[in-house]
1. One residue is enough: does the range B:346-362 have a residue meeting the conditions touching a helix residue (DSSP H, G or I) at 6+ places or on another chain (Cβ under 8 Å), of a type in the set (Asp, Glu) and surrounded by 19 or more Cβ atoms within 10 Å (Cβ to Cβ)?
2. Of all residues in the range B:252-273 being at pLDDT below 95 and open to solvent by 20 Å² or more (accessible area, probe 1.4 Å), which is nearest to the other protein chains (Cβ to nearest Cβ)?
3. Return a yes/no flag: does the range A:136-155 have any residue that is surrounded by 24 or more Cβ atoms within 10 Å (Cβ to Cβ), within 11 Å of chain B (Cβ to nearest Cβ), touching a Leu at 6+ places or on another chain (Cβ under 7 Å) and more than 22 Å from A:Glu185 (Cβ to Cβ).
4. Filtering the range A:44-60 down to residues that are within 14 Å of chain B (Cβ to nearest Cβ) and open to solvent by 40 Å² or more (accessible area, probe 1.4 Å), which residue is farthest from A:Asn23 (Cα to Cα)?
5. Listed residues A:Met14, A:Met27, A:Met18; which is open to solvent by 10 Å² or more (accessible area, probe 1.4 Å) and more than 9 Å from every other protein chain (Cβ to nearest Cβ)?
6. Taking the range B:52-72 as the search range and keeping residues that are within 26 Å of A:Tyr34 (Cα to Cα) and part of a loop (DSSP other than H, G, I, E, B), which one is nearest to the other protein chains (Cβ to nearest Cβ)?
7. Out of B:Ala220, B:Ala233, report the one residue that is over 24 Å from B:Ile384 (Cα atoms), in contact with a helix residue (DSSP H, G or I) (Cβ under 8 Å, 6 or more places away or on another chain), open to solvent by less than 10 Å² (accessible area, probe 1.4 Å) and part of a helix (DSSP H, G or I).
8. Give the residue that is nearest to the other protein chains (Cβ to nearest Cβ), with candidates limited to residues of the range B:392-415 that are closer than 16 Å to B:Cys185 by Cα and open to solvent by less than 50 Å² (accessible area, probe 1.4 Å).
Amino acid sequence: MAVLTFREALNQAMAEEMERDKNVFLMGQEVAQYDGAYKVSQGLLKRFGPERVVDTPISEAGFAGIGVGAAMVGLRPIIEFMTFSFSLVAIDQIVNNAANMRYMSGGQFAVPIVFRGSSGMAGCLAATHSHRLEAWYSQIPGLTVVMPSTPSDAKGLLKSCIRTDDPVVFIEHEVLYHERGEVPEGEHLVPIGKADIKRPGNDVTLITYSRSLKATLAAAEALAADGIDAEVIDLRTIRPLDLDTLLESVVKTHRAVIVEEDWPYCGLGAGISDRITQRVFDELDAPIRRVAAKDAPIPYNKALEASMLPSADRIIAAVRDVLYL
Amino acid sequence: MLHEIKLPDVGTVDPTVTVVRWLVQAGQAIERGAPLLEVETDKSIVTIEATVGGILESIEAEEGAEAATGQVVARIKVAADLGDTGTIELRAGARAETIPLLDLYERMVLIREFEEGVKFLFLEGSMPGTIHQCQGQEASAVGVCAALGPDDVITSTFRGHGHALARGLSIEELLDELFGATTGCCRGKGGSMHVGDLDKGMLPGIAIVGGGIPLAAGMALAIKLRKERHVVACFFGDGAVAEGAFHEGVNLAAIWDLPVVFVCENNLYGASTRVDMIMRVPRISARAAAYGIRGETVDGNDVLAVLEASNRAVAECRQGRGPVLLELLTYRRTGHSRRDACHYQPEKERAEWMARDPIEILARTLIDSGAAAPETLAVIKRRIQAQFQTAVEHARSRPLPSLDELATDVYAQGE
């Protein structure tokens, strides 16, 4: 298998889908001449020309709305936000128009659009440039929310998302772009809505996604040395949630810890914990614990920012807690 | 003497990067601050500039190789005449008699030296995050702020160091903030993109493009309702005029006659995107007509022209005849951020603007009119450089916030 970086995998996914379907096009700030702020669209302008790789002004509400309009009449836009922090400027278009259109038109319109871009705490960018908005978007019926953690999933999921007929919020963690990993050759599609068991285990279920997968796997290895066998599940798709995979695991381990970079109050883990508790409360031997960011805006100072992230140590402490150790 | 070039922290989380290509070969000459190599980080591809000038003696990390933050990647032979200038003795009382023009000059040099100093701190690995710098745009910040009184307010952007220094924030409170220290203007929590000090009449930088424009109108509304005569100067770049917030903020200020000077620093590029790609009218000031307000385009590299236009606009606002839209034509001499090597600026255009340096323009005026001797100007520059170096030494040992402070200042009363 070829070893690709996360950004190369995303680039291949877009290039292959643009090759396959002439209705697919990429639009956003700096995506064409500059090759993308994070170089994800490198070479696409040269290959597909300015009509299909479109530079926009800094005008997020405008180009998100243009994307929705184009999608309603049959095009399949990929809208790149330089970061999802800037999608806050366009959130009316994403929530009110993209997510609701099919429903409120009585099924007249599909909105096959992918909003994608970087996100998350990425090194001293402070409060306005470090947002994690997965819980916000996942609350909206009508949206599909995807957050891959490996190059293989990045490629396979982005291709599936471009082909789906619903609006997708595809969130890439800013610090993962350089991650390398094996990506299957040829047509490689990963289904939307399927979690991936990254490490099977019997003692406790660790549920995570995106950048936090790394710390979670590290915690699982450290726990294994102490004889604790953790199962690690990478959600990959946040909405629709693969609840079956989660329930199957919890029924086996009877304990769960959710690891997320999101804020603790009303964060993504709160919704997931609720779903599990509603279904298999009697199976749980301990309350579900969450390891999330701390409840404050994201600070600039390096040490303060680092303290916000779910670390292996914090995950291990939570596991010991649910195991009453 | 051989100088080691160490790989700076270029705002990555993973300290390992890959060398993409060398832009200078061994044996070739390189100037301090010139592009040396490109590396691929966990986020992007970044150009690293040389921290010293000289002859590239050796390359220690080949193309395709991995390198870590702090690792020596090259050695540069520093020629004796290119070497460190060392400590400069300042003559007692060297500062000339205070004349306003010299103050403008000093303020602009302060911004330039601060930004150049910070650039090398970043390259040396002392600065985290990313930094958006304003070398070349000193005249617009200084000219506008010189027209304001102590009770007026400015709003700024992610590119706010110059506005802050022009408004009277000190080198120390700015630098300490960049080092993430509690003595910084935002106690280490705001960082480069959010600098400000309300006591000195500057809101913390609004780092989402265009986001400060409605805020400026809102503050001006409060000023008007309280029947005060203060003015808000709202800085933003050419990129912001494509945002919805620009239209909504300017229109609201216009229909309510609010005292705002909307200051568009048109440096021709919103990040990498040229201004003529994002609008069809040739002048941003022409948009004023659509809102029924006065607009004016000014040479933003001529501080005296900026000051004159700003005085006029501020006076109109104080008389209740605002808002006004000022478009200041200027040029960014550095990349959009420290990650951006600025390759999209055409060489000819760049050369023309480099020849119109705002600091040199004022220096010529001062010298030609006999208002200041060249030596006086040189002394000002050396004094500021020395002040900056002292501030850096102090900033390195300032107290950093403790983890107890992570959740302070989230609510008025705590939670």
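1. At the first step, the residues of the range B:346-362 found to be touching a helix residue (DSSP H, G or I) at 6+ places or on another chain (Cβ under 8 Å) are B:358-359, B:361-362.
Now restrict to residues that are of a type in the set (Asp, Glu): none.
No, because not a single residue in the range B:346-362 is touching a helix residue (DSSP H, G or I) at 6+ places or on another chain (Cβ under 8 Å), of a type in the set (Asp, Glu) and surrounded by 19 or more Cβ atoms within 10 Å (Cβ to Cβ).
2. Looking at the filtered set, the residue picked out is B:Leu252.
3. No - not one qualifying residue is present in the range A:136-155.
4. Result: A:Leu45.
5. From the options A:Met14, A:Met27, A:Met18, the qualifying one is A:Met27.
6. B:Thr69
7. Working: B:Ala233 fails: part of a helix (DSSP H, G or I).
Going through B:Ala220, B:Ala233 in turn, the sole match is B:Ala220.
8. Ranking the qualifying residues of the range B:392-415, first place goes to B:Pro401.
The values are calculated or read from the model by the stated rules, or taken from the named source; none is laboratory data. Worth saying up front: this structure is predicted, and the values here are computed from it rather than measured. With ideal geometry, Cβ positions are generated from the backbone for all residues, glycine too; neighbour counts draw on all protein chains shown. Each accessible area value is taken on the protein alone, full model and side chains, heavy atoms only, with ligands, DNA and RNA left out. Shrake-Rupley method; radii C 1.70, N 1.55, O 1.52, S 1.80 Å.
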